[in-house]
Structure formats: structure tokens, C-alpha cells
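What follows is a short report on a single structure.
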Amino acid sequence: GEGRMAEPEEIVCFIEAEIKKKLPLVNQKILVTAGPTYEAIDPVRFIGNHSSGKMGFAIADQLASMGADVILIAGPTAQTTKHKSVKRVDVTAASEMLNACLLYYKDVKACVMCAAVADYTPASVSPQKIKKKDGGLNIELKKTADILKTLGEKKQKGQVLIGFALETENEEYNAAEKLKSKNLDFIVLNSLNDKGAGFKTDTNKITIIDHKLHKTAFGLKSKDEVAADICNKIAELIHEEI
Ligand code: CTP
């Protein structure tokens with residue numbers, strides 16, 4: 001009858017739906033990339049990098065907690081998302097990451113390109129394990145597509161595109177050049193010269209440079225707190241567009 005308590009699951013679903021309605025990024029689809037890419041040399045070996053994926057996963061979780069529908073394209077990583085609503089797509093090589101990004105990009109409001117994408121890949125992949133011989137070994141490399149630049153060229157009015165720059169010298173100049181050449185709304189700069197920033201750490205220190213070249217420098221924070229700073233900026237930009 002009317003006085004009967006609803007099932008606890010029903011109550012939780014109702015409360016979740018009510019809370020979600022009030023979140024700042026509700027109904028916004030956002031694409032995030034994270035982690036390294038692995039470029040195969042032969043069936044046993046690859047060229048990779050030190051990216052752990054921590055920053056990208058923290059951003060994906062933060063966006064989901066702000067109500068966004070998140071698609072996370074992840075290179076090889078041991079990370080897992082906390083939010084069960086995040087749709088995860090696993091890829092290995094830069095070319096697969098490009099294809100996955102192109103598949104989802106046209107339908108999203110924003111894209112955060114956090115992955116450490118390989119700039120070069122072996123020109124051909126040996127079908128068999130390369131055997132050791134006397135002397136050295138040369139592997140011919142060819143350039144991969146710049147995924148972020150490709151997305152920047154395809155950016156629609158109202159879409160928000162965010163990139164990262166990991167630099168070791170002339171940090172702000174290099175980041176500003178990437179911002180302009182890749183048609184970004186803002187770029188997140190990390191310098192490997194800052195203690196506690198960069199690969200595998202649980203902390204990061206960033207500077208956000210926007211399209212007017214305004215710079216905002218943040219202190220050393222946990223990657224979850226850094227993700228919150230980046231996602232608040234994304235929410236601000238999305239609401240300016242609406
Ligand atoms: N990026 C990309 N595709 C690539 C290389 C980089 O989408 N093939 C993206 C990264 O995800 C990041 C931004 O471009 O958001 C900058 O990456 P970074 O490695 O700092 O710079 P590059 O453009 O590769 O230039 P360089 O390596 O010469 O510094």
C-alpha cells in the first residue's frame with residue numbers, strides 16, 4: 001500500500017538522479033585520453049614512455065563526479081576509474097588512439113588530451129622476434145599523426161579542446177606555441193624541472209595558459225586536486241559557451 005517503504009535500491013537511484021540534475025556538467029559528453037601509447041617493434045618489444053595514466057584517470061573521475069558523461073580512451077596502464085559511469089576504451093598504439101578519438105570527437109562538447117602519445121612509430125613491424133646479431137641495430141621510425149592537432153583542425157564552434165604540454169626547457173614559450181598551433185582553448189603545462197610534477201608521482205604542479213595567453217600558476221597539489229582545478233576551468237568555459 002501507500003505507506004510501504006520503497007526498495008532501498010529505488011531510493012538510492014532516485015536520490016542519485018536528483019543530485020545528478022544539479023551537477024555543473026550534467027548532460028555534457030566529454031572525451032578524455034590518458035596513459036602512454038606502445039608502438040610495436042616486433043611481437044615481443046615496443047617503444048613506450050613513462051606515463052602512468054594517473055592524471056588522465058583523475059580528470060575522467062572528476063568530470064564524472066561533476067555529472068559529465070565521460071569517454072576515456074586509455075593507453076596501456078594499470079589504472080582503474082573510481083566512477084562506474086566512465087565509458088573506458090582501451091587502445092595500444094597512437095594510430096588506434098587517433099581512430100578512437102575521431103570516432104567520438106564529433107559528438108562531444110569537450111576533449112581533454114592528457115595521453116602521452118608517441119611521436120614516432122617503427123616504419124614496419126617485424127612479424128617475428130628480431131634475433132640478436134653482431135653489431136648494433138637500427139630501427140627506422142616514421143612520424144605518427146598529431147592527434148590533438150587533427151582534432152584542433154576539426155573543432156566545431158562551441159567545442160572546447162584542451163591539451164597538455166610536458167616540457168623540460170623554455171616551458172611557457174613552448175606551451176604557448178602548442179596552444180596556438182593545435183587550436184586549443186587552454187593548455188596545461190607541466191615542467192619536469194618542478195619537483196613532484198610529471199610521471200608516476202601522485203602530485204603535480206601546473207600552469208594553465210588560455211587562448212588569450214593569460215597564465216594561472218598553481219602550487220604543488222595531489223593529482224586529484226589538480227584534476228579539480230582543470231575540470232572547474234572546463235566547466236567555466238562550457239558555461240560561457242552555453
Ligand atoms: N599529442 C597528440 N598526438 C601526438 C603527440 C602529442 O595528440 N602525436 C598531444 C598530447 O596528448 C598533448 C599535446 O599534444 O596534449 C602536447 O604533447 P607534447 O608531447 O608535450 O608535445 P608534442 O606536440 O609532441 O611536441 P614535442 O614532443 O616536440 O614537445
Holding the Cα-Cα limit at 23 Å, pick out from Lys109/Lys233; Lys154/Lys178; Lys84/Lys221; Lys106/Lys149; Lys87/Lys142 the pairs that are longer than that.
Lys84/Lys221; Lys87/Lys142
On a 1.4 Å probe surface of the protein chains, which of Cys13, Cys231 comes out largest in accessible area, and what is the full order?
Cys13, Cys231
Rounded to the nearest 5, what % of DSSP beta bridges with both residues in the chain are antiparallel?
40 percent
Choice from Asn204, Asn138, Asn27 showing the highest fluctuation, given a GNM over the chain with Cα pairs closer than 10 Å
Asn138
Which of the three applies to region 140-242, rounded, prolate or oblate, going by the alpha-carbon gyration tensor with a ≥ b ≥ c and a/c under 1.5 meaning rounded?
oblate
GNM on the chain, Cα springs under 10 Å; top mean-square fluctuation among Ile19, Ile209, Ile11 goes to Ile11
Against the longest alpha carbon principal axis of the chain, how many degrees, from 0 to 90 and to the nearest 10, is the axis of helix 54-65 turned?
20 degrees
Quick check: from the Cα gyration tensor, does region 65-143 come out rounded (a/c under 1.5), prolate or oblate?
prolate
Quick check: the angle from helix 171-181's long axis to the longest principal axis of the chain, C-alpha only, nearest 10 degrees?
80 degrees
Residues with beta-carbon under 14 Å from that of Leu137, excluding Leu137: net charge, scoring Lys, Arg +1 and Asp, Glu -1?
+2
log10 I(q)/I(0), Debye, Cα-only the chain, no solvent, q = 0.10, 0.13 Å⁻¹?
-0.52, -0.81
Go ahead and set up a Gaussian network model of the chain, Cα springs under 10 Å, then flag whichever of Lys212, Lys133, Lys84 fluctuates most.
Lys133
Heavy-atom accessible area per residue - the chain, 1.4 Å, Å²:
56 Å²
Over the Cα atoms of region 1-64, Rg to Rh with Kirkwood Rh, two decimal places?
1.31
When the Cα centres of region 164-217 and region 1-68 are compared, how far apart do they sit, in Å?
24 Å
Tell me, what is the FRET efficiency for Ala6 and Glu240 to the nearest 0.05, using R0 = 45 angstrom and their Cβ-Cβ distance as r?
0.65
For region 146-190, which GluC sites (Glu not before Pro) are in a loop by DSSP, counting at most 13 other Cβ atoms within 10 Å?
Glu169
Within 10 Å of each candidate Cβ there may be at most 10 other Cβ atoms; applying that plus a DSSP loop requirement, which trypsin sites (Lys or Arg not before Pro) in region 18-78 survive?
Lys22
Angle check, please: helix 8-21 long axis (alpha carbons) against the longest principal axis of the chain (alpha carbons), in degrees 0 to 90, nearest 10.
70 degrees
Give me the aspartates and glutamates in straight-line cross-link reach of Lys131: C-alpha distance below 20 Å, same-chain residues under 8 apart excluded.
Glu39, Asp42, Glu140
Taking all protein chains as present, what is the carbon and sulfur share of the accessible area of the chain, in % to the nearest whole number, probe 1.4 Å?
52 percent
So what's Rg/Rh here for region 1-120, counting alpha carbon atoms and using the Kirkwood radius for Rh?
1.14
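The values are calculated or read from the model by the stated rules, or taken from the named source; none is laboratory data. In this text, all values refer to a predicted model and were calculated from it rather than measured experimentally. Glycine gets a Cβ as well: all are built from the backbone with ideal geometry, and neighbour counts include every protein chain shown. Calculation scope for accessible area: heavy atoms of the full protein, side chains included, ligands and nucleic acids excluded. Shrake-Rupley method; radii C 1.70, N 1.55, O 1.52, S 1.80 Å.
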